[in-house]
Amino acid sequence: MGEIHLHAEPGQVAEFVLLPGDPNRSRWIAETFLQDPVLYTDNRQLLGYTGTYKGVRVSVQTTGMGCPSAAIVTEEIIRLGARYLLRVGTLGASHPSVRPADLVIAQASVPNDGTTRQFFGGAPYAPIASYQILEASVQAARNTRIKHHIGLIMTEDAFYASTPEHARLWAARGVLGFEMEASAIFTVAAMHGVHAGCMAIASNNIGDPEFVDPAILRQGVQSMIEVALEAFCLIHQEAGNE
């Protein structure tokens, strides 16, 4: 059976893993970008695939929505051999500089969630991205000339609790946008001594009644996945030159 939730075995998962929340996005990434993708788990619709991208072995593993699910998946995927984890998702933009369909690369996440608090018993903690993944992500975005923002995000539990007032407050403190998984992924990865990062496409501005046009959002997501995979290639190349 393998891990309790993922039902996979060591060897089926690559060192480099993309972490989308949506199983449909996982399937699309695997079928669109990876060569010879193989489904290694579909338990609980936490779809996981492994294939190759430009000769680099890469897995795509669904996390589900929210920190509790993301923390479970991160824990189990690390046990299965993952060493470089990169969340690829969407966020609601809070800062006026971030427009719908822009790419945000997270340096760190304000942990406004219950999962990280439980890990540390409420003690202060700052979940940050691995510098190795952050540096590669920024370089890949520059190489591909994708418009991007680099900075602080916030991870929250209650999707419908965010308000424009809340967004403006945290934008004034440097937060570019809100999402629901990064702080848990950063935390679990740090506890296990592996690398984690996060990039996300802005699906809307907090307070907007609708998301960006689906076609524009799809193009933004496609560009983000290209950046993420190119970042993995840069890390893999650097490791090969050491």
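The values are calculated or read from the model by the stated rules, or taken from the named source; none is laboratory data. Only a predicted model underlies this, so the values are computations on that prediction, with no experimental measurement involved. Neighbour counts run over all protein chains shown; Cβ positions are idealised from the backbone, glycine included. In case anyone asks, the SASA skips ligands and DNA or RNA and just uses the protein heavy atoms, side chains included. Shrake-Rupley method; radii C 1.70, N 1.55, O 1.52, S 1.80 Å.
Here each label is just a point 7 Å from Cα along the line to Cβ, and for Ile150 and Ala215 those points are 3.3 nm apart. Rolling a 1.4 Å probe over the heavy atoms of the protein chains gives the range 197-242 an accessible area of 48 Å² per residue. Estimated from helical segments only, the mean residue ellipticity of the chain at 222 nm is -12000 deg cm²/dmol, where each DSSP H run of four or more residues counts as -39500 (n - 2.57). DSSP finds beta bridges in the chain, and of those with both partners inside it, around 35 percent are antiparallel. Evaluated with a Cβ-only charge set (Lys, Arg +1; Asp, Glu -1), the chain carries a dipole of roughly 360 debye about its Cα centre, given to the nearest 20.
Have a look at the DSSP beta bridges in the range 1-140 and tell me what percent are antiparallel, nearest 5.
Roughly 60 percent of the beta bridges in the range 1-140 run antiparallel, per DSSP.
Among the trypsin sites (Lys or Arg not before Pro) within the range 161-240, which fall in a DSSP loop and have no more than 16 other Cβ atoms within 10 Å of their own Cβ? Sites meeting the loop and neighbour criteria: Arg173. Within the assembled protein chains, the solvent-accessible surface assigned to Cys233 is about 20 Å², based on a 1.4 Å probe.
Debye-formula intensities of the range 75-181, expressed as log10 I(q)/I(0) at q = 0.12, 0.14, 0.20, 0.23 Å⁻¹, are -0.45, -0.61, -1.17, -1.39 (one equal scatterer per alpha-carbon, no solvent). Annotation: per residue accessible area for the range 61-139 equals 38 Å², rounded to a whole number [probe 1.4 Å, protein chains only]. Expressed as a whole percent, the accessible surface of the chain that belongs to carbon and sulfur atoms is 52, based on a 1.4 Å probe.
Shape analysis of the range 1-67 places it in the oblate category; the axes a ≥ b ≥ c from the Cα gyration tensor give an a/c of at least 1.5, with a/b not above b/c.
Loop-located GluC sites (Glu not before Pro) in the range 129-199 (DSSP state other than H, G, I, E, B) with a sparse environment of at most 11 neighbouring Cβ atoms within 10 Å are absent. For the range 25-124, the list of chymotrypsin sites (Phe, Trp or Tyr not before Pro) that fall in a loop by DSSP and count at most 16 other C-beta atoms within 10 angstrom reads Phe120.
Couplings 3J(HN,Hα) of the range 52-68, computed from phi: 10, 9, 6, x, 9, 6, 9, 10, 10, 10, 5, 9, x, 9, x, 5, x Hz, in residue order, whole Hz [Karplus 6.51 cos²θ - 1.76 cosθ + 1.60, θ = phi - 60°; x for Gly and Pro]. Below 8 Å between Cα atoms, with a sequence gap of 6+, how large is the relative contact order for the range 85-198 in percent? The normalised contact order for the range 85-198 reaches 43 percent.
Counted residue by residue at 0.36 nm each, then reduced by the alpha carbon distance between them, the extension gain from Gln139 to Arg44 reaches 30.7 nm.
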